[in-house]
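Quick one: structure below, then a few questions.
The values are calculated or read from the model by the stated rules, or taken from the named source; none is laboratory data. Computed from a predicted model, the values in this text were never measured in an experiment. Here Cβ is always computed from backbone atoms with ideal geometry, including for glycine, and neighbour counts include all displayed protein chains.
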Amino acid sequence: MKNKINHSMSLAKPDAIGVSNKQKIALSIGIIGLFILILALFNVNFPNKGVFLALSITLISMGIVVYSREAYLTKPEGIKNDGVWFKSISSRGVWGWLLGIILTVFYIVLYFFPAYLGLADNGSDNTGLIGLFDPLSKLLSGKPASQWFVYGTLYTLAILAFGYKFILKYKHNRYQQIRTVSVMFFQLGFAFLIPEFMYVLNSDLPYYDLKSIWPLNYYIFDEWSVKKFLSNGNIGLGFLLFGIISIFVITPILTYKYGKRWYCSWVCGCGGLAETAGDAFRQLSSKKMVAWKIERWLIHLILIFSVVMTTAMVYTYLGNSKNDFWLTRSLFITLFIGFLTFLFAGILFFKKNELGNDTKYGAISFFVIIMLLVFMHLTATTEHVFYIKGSSLRSVYGIYIGSIFSGVIGTGFYPILGNRFWCRFGCPMAAILGLQQRLFSKFRITTNGGQCISCGNCSNSCEMGIDVRHYAQKGENIVRSSCVGCGICAAVCPRGVLKLENSSMKGRINSNEILLGNSVDLMNLVNQNSNK
Amino acid sequence: MEEHIVIIGNGISGVTAARHIRKRSNKKITIISSETPYFFSRTALMYVYMGHMKFEHTQPYENWFWKKNRIELKNEYVNQVDVKTKTVFFASGNSLQYDKLILATGSKPNKFGWPGEDLKGVMGMYHKQDLESLEKYAPNNNLCKRAVIVGGGLIGIELAEMLHSRHIPVTFLVRENSFWNNVLPSGESDMLNKHIKNHDIDLRLGVNLKEIKADKNGKARAVIIEETNEEIPCDIVGLTAGVSPNINFLKHSEIEIAKGVKVNRFLETNIQDVYAIGDCAQQHEAIDQRRPIESVWYTGRMMGETVAQTICGNRLEYKPGNWFNSAKFFNIEYQTYGWVFAKPREGEAHFHWKHDDDTKCITICYDKNTKTFLGINTFGIRMRHDVFDRWLTEKRQIDFVIKNLSKANFEPEFYNHFETKIQLAFNRQLQIV
Ligand SMILES: Cc1cc2nc3c(=O)[nH]c(=O)nc-3n(C[C@H](O)[C@H](O)[C@H](O)COP(=O)(O)OP(=O)(O)OC[C@H]3O[C@@H](n4cnc5c(N)ncnc54)[C@H](O)[C@@H]3O)c2cc1C
Ligand code: SF4
Ligand code: SF4
């Protein structure tokens, strides 16, 4: 008998994918709203841009709201995954691919050809899609829209509208609801509104989304950014300091107490989009062992790249002589290498056991970074590091990692690779938080004794591609650096096996091969063996 | 040459045995199954039909796992075992020699000789082939206008949920006068009756199937109810009136069988070097208050772990700890720890608490005289296995359990807690008594 079956074994379409009439109307409303944007994109010149923009946004939101209410409020509360692997859009069917292609094209245009969106040349007025957003931008900050403003608005709209959908979908689950309200709040307030208002108050400050922390915010230590902060007196200095404190104080404390979820699934904008608009695609992440291996290589290489790149950036605008500024190049490099060594030695000393086989990789990464930095210091000239202009290094990072990976592939490929592709394979912030989550955090997913029936619902819906079942069926707690604590695995488990918890570090990692409920002799015997 | 261990059945019990034998030895291991080439989780079959998962997601190990661990898989049906020559014979005509044989053949759905039980469109819900048959006869509500399910147990209600997910109208025939009340106390069973009906399931309590009528193509077209002679038109009939060991092929072997394969506490059969584990094993005498045949997931796993020890030279008795289990009834999760019977037995009492919304309740069973805690059923509230396991072993008093109930809470963060309400209800009940 053949094991491989097509996504539905039936010849006729299962009815579970049916969409009610009311939902069809809702879809049409939403599509009309989108259509206004598309017309604008093709340079239809709307007479009263503000009205049409408002209309478009209202129709899109209304479409999503009505659709979701019909989908979830008409049914009893519970897990709503019926038919996700039958629907074309959520199972890499034709619609899924189509959506993936449209999103990807949109991102490419956005990052590399904003003129097609109607971005004005110097001096002239915006046209097309960006022109349509001018009224809103002027209302908020007084300046005309840019492609980033358009993107930011649509991004926020998506998080808010699909966030609402998500809240209804999990109307029985307070953890999901509160966390979603949180990402909606941070997106609307911190990423969208506050930077615009900050611009009104002080137009010289660089765009600063307070919740965006280095290395996710890889340009915060750029020369222009630092200069702008420093030239803006106490406010600027305050922001810069806040940026540094976020990295070295706030992040470690919160991650220690709550795991990386406090950021990745409660605050972060990338995470916010993934959890709301991307929710329908979470099951598409690969759970294969190979994927996990690639993940660990890729994400740490990018982390190394971003650390070296940032150091190099700061390095290039420092001088060699003490007379200009107390922080000279040599001092900076020495301090930084010292800091890394201190960190690495600390980890080795306290956490050797937890690291296990990964100690080797940790050591290699550490030496690679140190060697790169020393090499850089020895070969640098005033303008050049690694024989190229310092700013080119930053552009390479910006284009390949910041734009192509996180935007084009990360979001554009939602319907193909799952909603957290960037978070899992690329994000250097996630890598740092993950390292800490694994070694210094109270967070874990507790497994409920021997109750697991190996059904696989948890693994299937893990957006980070963690094979949760692998641990649960052995009665092991899940302590994985990539877990963003979305809590969906726990929500969908039909046997109540999983619980996200912050509890004492002791007994956090338990790997007893024999499960609870077993013969007492056997448990004692095997646990003795594993303690040896 | 290393000993050759042959395991018939690639379900949880057979696979667990194989994995643990591999961990402890270098023996040659072969697993035979006629159902699927790779191990999958039977408990997840429903989610495939409901579209939550694809079939491949029900496989807990990736396909390379078996080769890497040197566990050979054979896709064959065994129709005879000769214990004298230590040979298993396959339906394909091939055969295989073993040094030690583990029978882990699981169960098959019960059929009670109903007229029409073998018609097309009549199926159990156990094997992957049943799922395929369901996909064929009930892919949607155009081709299947109504389904009738016979037998109100855990699999029956799963089948009802499956069909419901595709908007297929369901008539659910249950012999008992309240759903699963041969196992659950009446308050709980009653709550479930309402929950089932809330999902538009046509639940018929206290009725039996008389016969299944065929259409001219030999496919089911209606069922007749014993008590009323009512005819209910339908396109498929699901038979879910329990399961029994799948051991017909052993009838002519010398291995002792009754309902299942008879084993002692070491999971050994009457024939040397032949063992039986999982759903198909039947204890000579029931252990503790368990049934002689246990057809649940985790006992299969435990028997697999135990027999692996024995086979690797550490002869070990099967000694399951405190009883526990879990299930889900549409949206209501159920867990049980220790023993709570449908009616308190001699010397026992039940404390029952139900939430106003009629989807959460607990029942605690305790000894009337010594006040020892004996077990708990919990619906709609997740609780901790290790805590109850410890309390049962320590023989805690009911007062202690009620007072410390929050320590056993396993609900997600930010959920409402009901321990205070439960404590109040308990104290009130004490005062009345
Ligand atoms: C729909 C459903 C839901 C369930 N849900 C739960 C649950 O939630 N919790 C729980 O505890 N239990 C549950 N169970 C019960 C649980 O799945 C079984 O107890 C468990 O799978 C038994 O495992 P096993 O290894 O003994 O046998 P099986 O899993 O039945 O495996 C035996 C295998 O051997 C094969 N086989 C049999 N005879 C031969 C032969 N002669 N030749 C070759 N191959 C042969 C069979 O085809 C089968 O593949 C559920 C069962 C079903 C059907
Ligand atoms: S393991 Fe669970 S909580 Fe963690 S990312 Fe995966 S689904 Fe979310
Ligand atoms: S933890 Fe829950 S969802 Fe995951 S395999 Fe086990 S029972 Fe299924």
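What single numbered condition from (1) away from ligand 3 (no atom under 14 Å from the Cβ); (2) more than 11 Å from chain B (Cβ to nearest Cβ); (3) modelled with pLDDT of 95 or more fails to hold for A:Gly485?
(2)
Now a separate question. List the residue pairs whose Cβ atoms are under 6 Å apart, where the first residue sits in segment A:106-117 and is within 17 Å of A:Leu34 (Cβ to Cβ), the second is of a type in the set (Ser, Thr, Tyr), and the two are 6 or more positions apart or on different chains.
Partner pairs satisfying both residue conditions: A:Val109/A:Tyr116; A:Leu110/A:Tyr151.
With the condition kept exactly as written, say whether any residue in segment B:366-389 is in a helix (DSSP H, G or I), within 14 Å of chain A (Cβ to nearest Cβ), buried (at least 22 other Cβ atoms within 10 Å of the Cβ) and not basic (Lys, Arg).
Yes - at least one qualifying residue is present in segment B:366-389.
Working only within segment B:28-49, note down all residues that are more than 10 Å from ligand 1 (Cβ to nearest atom) and among the β-branched types (Val, Ile, Thr).
Within segment B:28-49, B:Ile29, B:Thr30, B:Val48 qualify.
Right, something else. Can you tell me how many residues in segment B:17-67 are of a type in the set (Lys, Arg) and within 10 Å of chain A (Cβ to nearest Cβ)? Explain how you work it out, then say what you get.
Looking only at segment B:17-67, we keep the residues that are of a type in the set (Lys, Arg), and these are B:19, B:22-24, B:27-28, B:42, B:54, B:67.
Of the ones still in play, those that are also within 10 Å of chain A (Cβ to nearest Cβ) are B:19, B:23-24, B:42, B:54.
The total comes to 5.
Please specify each residue of segment B:408-432 satisfying the condition of being exposed (fewer than 14 other Cβ atoms within 10 Å of the Cβ) and part of a helix (DSSP H, G or I).
Restricting attention to segment B:408-432, the residues satisfying the condition of being exposed (fewer than 14 other Cβ atoms within 10 Å of the Cβ) are B:414, B:416-417, B:420-421, B:424, B:427-432.
Correct list: B:Thr420, B:Lys421, B:Leu424, B:Asn427, B:Arg428, B:Gln429, B:Leu430, B:Gln431, B:Ile432.
Quick one: A:Arg495 ticks every box in (1) within 16 Å of ligand 1 (Cβ to nearest atom); (2) more than 9 Å from chain B (Cβ to nearest Cβ) bar one, so which box is it?
Failed condition: (2).
Looking at segment A:361-408, which of its residues are in contact with a Gly (Cβ under 8 Å, 6 or more places away or on another chain) and in a helix (DSSP H, G or I)?
Residues satisfying the conditions are A:Ile401, A:Phe405, A:Ser406.
Still on this structure, I have one more. Just one of B:Thr85, B:Thr30, B:Thr105 is more than 16 Å from ligand 2 (Cβ to nearest atom), within 29 Å of B:Gly313 (Cα to Cα) and in contact with a Gly (Cβ under 6 Å, 6 or more places away or on another chain); which is it?
On the way: B:Thr85 fails: in contact with a Gly (Cβ under 6 Å, 6 or more places away or on another chain); B:Thr30 fails: in contact with a Gly (Cβ under 6 Å, 6 or more places away or on another chain).
Selected residue: B:Thr105, the only one of B:Thr85, B:Thr30, B:Thr105 that is more than 16 Å from ligand 2 (Cβ to nearest atom), within 29 Å of B:Gly313 (Cα to Cα) and in contact with a Gly (Cβ under 6 Å, 6 or more places away or on another chain).
A further question follows. Out of all the residues in segment B:295-319, which are over 26 Å from B:Asp99 (Cα atoms) and either more than 8 Å from ligand 1 (Cβ to nearest atom) or away from every other protein chain (no Cβ under 12 Å) (or both)?
Listed by number, the list holds a single entry, B:Ser295.
Within segment A:438-465, can you find the residues that are in a loop (DSSP other than H, G, I, E, B), touching a Phe, Trp or Tyr at 6+ places or on another chain (Cβ under 9 Å), more than 7 Å from chain B (Cβ to nearest Cβ) and within 11 Å of ligand 3 (Cβ to nearest atom)?
Filtering segment A:438-465 for residues in a loop (DSSP other than H, G, I, E, B) gives A:440-442, A:448-456, A:461-465.
If we keep only those that are touching a Phe, Trp or Tyr at 6+ places or on another chain (Cβ under 9 Å) too, we end up with A:440-442, A:448-456, A:463, A:465.
Restricting the remaining residues to those that are more than 7 Å from chain B (Cβ to nearest Cβ) gives A:440-442, A:452, A:463, A:465.
Residue satisfying the conditions is A:Cys452 alone.
If you go through segment A:169-188 one residue at a time, do you hit one that is more than 14 Å from chain B (Cβ to nearest Cβ), of a type in the set (D, E, K, R) and either closer than 27 Å to A:Leu139 by Cβ or surrounded by fewer than 17 Cβ atoms within 10 Å (Cβ to Cβ) (or both)?
Within segment A:169-188 (the criterion being more than 14 Å from chain B (Cβ to nearest Cβ), of a type in the set (D, E, K, R) and either closer than 27 Å to A:Leu139 by Cβ or surrounded by fewer than 17 Cβ atoms within 10 Å (Cβ to Cβ) (or both)), the answer is no, since none of the residues qualifies.
Is one or more of the residues making up segment B:129-151 in contact (Cβ under 8 Å) with a residue 24 or more places away in the chain, part of a loop (DSSP other than H, G, I, E, B), assigned by TED's automatic domain parsing to the domain that holds B:Ile255 and among the hydrophobic types (A, V, I, L, M, F, W, C)?
Checking segment B:129-151: not a single residue is in contact (Cβ under 8 Å) with a residue 24 or more places away in the chain, part of a loop (DSSP other than H, G, I, E, B), assigned by TED's automatic domain parsing to the domain that holds B:Ile255 and among the hydrophobic types (A, V, I, L, M, F, W, C).
Then there's this: Suppose we filter B:Asn322, B:Asn264 for residues that are farther than 23 Å from B:Gln335 by Cα and either away from ligand 2 (no atom under 16 Å from the Cβ) or within 14 Å of another protein chain (Cβ to nearest Cβ) (or both); which single one remains?
B:Asn264
Given the structure, is B:Ile362 within 14 Å of chain A (Cβ to nearest Cβ) and crowded, with 20+ Cβ neighbours inside 10 Å?
Details: within 14 Å of chain A (Cβ to nearest Cβ): yes; crowded, with 20+ Cβ neighbours inside 10 Å: yes.
Against the criterion (within 14 Å of chain A (Cβ to nearest Cβ) and crowded, with 20+ Cβ neighbours inside 10 Å), B:Ile362 qualifies.
So for segment B:336-346 (the condition being at the interface with another protein chain (Cβ under 10 Å from one of its Cβ atoms) and not hydrophobic (A, V, I, L, M, F, W, C)), does at least one residue qualify?
yes
In segment A:72-107, which residues are more than 14 Å from chain B (Cβ to nearest Cβ) and surrounded by 15 or more Cβ atoms within 10 Å (Cβ to Cβ)? Reasoning before the result, please.
To start, the set of residues in segment A:72-107 that are more than 14 Å from chain B (Cβ to nearest Cβ) comprises A:73, A:94-107.
If the condition is that a residue be more than 14 Å from chain B (Cβ to nearest Cβ) and surrounded by 15 or more Cβ atoms within 10 Å (Cβ to Cβ), then A:Gly96, A:Leu99, A:Gly100, A:Leu103, A:Thr104, A:Phe106, A:Tyr107 are the ones that fit.
For residues that are of a type outside the set (A, V, I, L, M, F, W, C) and within 8 Å of ligand 2 (Cβ to nearest atom), scanning just segment A:452-464, find the one that is surrounded by the fewest Cβ atoms within 10 Å (Cβ to Cβ).
Narrowing segment A:452-464 to residues of a type outside the set (A, V, I, L, M, F, W, C): A:454, A:456-457, A:459-461, A:463.
Filter once more, keeping what is within 8 Å of ligand 2 (Cβ to nearest atom): A:461, A:463.
Numbers: A:Ser461: 24, A:Glu463: 27.
Here the residue is A:Ser461.
Of all residues in segment A:467-482, which are within 9 Å of chain B (Cβ to nearest Cβ), over 24 Å from the mean Cα position of the chain (by Cα) and assigned to a helix (DSSP H, G or I)?
A:His470
Just checking, does segment A:236-255 include any residue being hydroxyl-bearing (Ser, Thr, Tyr), touching a helix residue (DSSP H, G or I) at 6+ places or on another chain (Cβ under 6 Å), at pLDDT 90 or above and assigned to a helix (DSSP H, G or I)? Give the steps one after another, and end with the answer.
Taking segment A:236-255 first, the residues hydroxyl-bearing (Ser, Thr, Tyr) are A:246, A:251, A:255.
Keeping just the survivors that are touching a helix residue (DSSP H, G or I) at 6+ places or on another chain (Cβ under 6 Å) gives A:255.
Narrowing further to those that are at pLDDT 90 or above: A:255.
When the remaining residues are screened for being assigned to a helix (DSSP H, G or I), the result is A:255.
Checked against the condition, which is being hydroxyl-bearing (Ser, Thr, Tyr), touching a helix residue (DSSP H, G or I) at 6+ places or on another chain (Cβ under 6 Å), at pLDDT 90 or above and assigned to a helix (DSSP H, G or I), segment A:236-255 yields at least one hit.
Examine segment B:35-45 for a residue that is crowded, with 18+ Cβ neighbours inside 10 Å, among the aliphatic types (A, V, I, L, M) and within 16 Å of ligand 3 (Cβ to nearest atom), and state whether such a residue exists.
Yes, segment B:35-45 contains a residue that is crowded, with 18+ Cβ neighbours inside 10 Å, among the aliphatic types (A, V, I, L, M) and within 16 Å of ligand 3 (Cβ to nearest atom).
In addition: Specify which of the listed residues (A:Ile404, A:Ile432, A:Ile416) is more than 16 Å from ligand 2 (Cβ to nearest atom) and surrounded by 23 or more Cβ atoms within 10 Å (Cβ to Cβ).
A:Ile432
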